[in-house]
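J.: Mind having a look at this structure? Questions to follow.
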Amino acid sequence: MNGGKKLSQIWPKQDLRQTEAKRKDVRVLSFTSGKGGVGKTHIVVNLAYALQQLGARVMILDADLGLANVDVLLGLAPQFNLQHVLEGQKGLSDILVQGPAGMRILPASTGVCKAAQISEAQRFHLLDALDELHHDLDFLLVDTGAGISNNVIYFNLAAQDIVLIVTPEPTSLTDAYALIIMYPEIWTS
């Protein structure tokens, strides 16, 4: 509850509910970690819910492309996911799922190996498609996969702000440090 009060002081409702003419561009935040299991998805989902409660328009991109779990955490069962978009079968608006408090979710697939390593062309296609949806958002929260894969680095570089999630467990700290020193361009741009 105290976190919600602090959040409302940072983003007061009246600032989030500006008229369309005064709205600024969408704020893109990626949430990443060196190691899985540190709570990225829980943080993303809870932040999205809190921002929605404050009047923001929020969308979550589940960018853990091969092991997605935002939909699972929210108890949703989407019919389509990002794999359908990347294969040209659907558009992003076709796969959007409504979540709690009105947040929107772009679900990814779970257990699909080819989804875990998308090509550079597919990444650019995805970014172009996201540009079509951004006019209707205040925040895009990107829940990346863990580690140092090309997809993780790509989604972090595409964000305006990166939140590195770490726990006080030794492997979490070591892997986060590896992410920082292996890709310094993420943290200095």
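The values are calculated or read from the model by the stated rules, or taken from the named source; none is laboratory data. It should be emphasised that the depicted structure is a prediction, and the values quoted were computed from it without experimental measurement. For neighbour counting, all protein chains shown are included, and Cβ atoms are generated from backbone atoms with ideal geometry for every residue, glycine included. Keep in mind that these areas ignore ligands, DNA and RNA; they rest on the heavy atoms of the full protein, side chains included. Shrake-Rupley method; radii C 1.70, N 1.55, O 1.52, S 1.80 Å.
J.: Among the listed residues R27, R23, identify the single one that is among the basic types (K, R), under 26 Å from L127 (Cβ atoms), modelled with pLDDT under 95 and open to solvent by less than 70 Å² (accessible area, probe 1.4 Å).
T.: Values: R27 fails: open to solvent by less than 70 Å² (accessible area, probe 1.4 Å).
Checking each option against the conditions leaves just R23.
J.: Same structure, new question: Can you pull out the residues in region 157-188 that are under 30 Å from D25 (Cα atoms) and modelled with pLDDT under 85?
T.: Looking only at region 157-188, we keep the residues that are under 30 Å from D25 (Cα atoms), and these are 157-166, 176, 179-180, 183-188.
Once the filter is applied, which keeps residues that are under 30 Å from D25 (Cα atoms) and modelled with pLDDT under 85, region 157-188 yields Y183, P184, E185, I186, W187, T188.
J.: Tally the residues that are open to solvent by less than 40 Å² (accessible area, probe 1.4 Å), hydrophobic (A, V, I, L, M, F, W, C) and in a helix (DSSP H, G or I), restricting the search to region 48-80.
T.: 4
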